[in-house]
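So the structure is just underneath, and the comments pick up after that.
The values are calculated or read from the model by the stated rules, or taken from the named source; none is laboratory data. These numbers come from a predicted model, not from an experiment. Note that we place each Cβ from the backbone using ideal geometry, even for glycine, and neighbour counts take in every protein chain shown. Heavy atoms of the whole protein, side chains included, go into the accessibility calculation; ligands, DNA and RNA do not. Shrake-Rupley method; radii C 1.70, N 1.55, O 1.52, S 1.80 Å.
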Amino acid sequence: MFTAVVRITGAGRLEDFRERLAIWLRSVEEDTGLSPLGRANIHGDCVRLAANRLRVEDAVKRHPEILEIELERPIIIAGLPRSGTTHLVNLISADSRLRRLPLWESMEPVPAPGEVVARGEEDPRRSRTQQFWGQFEALLPLMLAMHEMAPDHTHEEIELQQIDF
């Protein structure tokens, strides 16, 4: 998230994502093999990612001290797709001494305006993620065999990077 936040909050950079988003949307339009469902999913992703971007920008504007938080000894895992990096992330995240990123938090890193979670109550972002992935798995039941996406499972920061388009 740090690189995405730096890009979002850098001087004169708040609007620089528009060109990348336009390229992304143009490539979707030019992809003749993409189904209507695929197009709808990408549209939904763009709306969700843009909303996340706006919420992160707002959080940083209201709390600029966020950018001063130092991450001590972050663990960075990089590798090619299907090379075992997800398994390694899951193994390392089992260590209770480490802070991990659950899927629900990566999909909505900042709560919606006015959304408050009472102590002991489930975060609405987790509930929305559960509902989203339940519907997704109903459409693509074999997805679970490839990559389970339960709300509380550890997730990579791909979602956080995508807000930069």
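At-a-glance table
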| read-out | value |
| --- | --- |
| Percentage relative contact order, the chain, counting C-alpha pairs under 8 Å, at least six apart | 36 |
| Candidate values [x] 8.3; [y] 9.0; [z] 11.7, label of the one derived for mean projected area of the Cα convex hull in nm² | [z] |
| Theoretical ellipticity at 222 nm over the chain - DSSP helices of four or more residues, -39500 (n - 2.57) apiece, nearest 500 | -16000 deg cm²/dmol |
| Electrostatic dipole magnitude of the chain [Cβ: Lys, Arg +1; Asp, Glu -1; Cα centre; debye, to 20] | 40 |
| FRET efficiency for Phe136 and Leu25, using Cβ-Cβ distance with R0 set to 35 Å, rounded to 0.05 | 0.95 |
| Heavy-atom accessible area ranking, 1.4 Å probe, most first, across Arg126, Arg100 | Arg100, Arg126 |
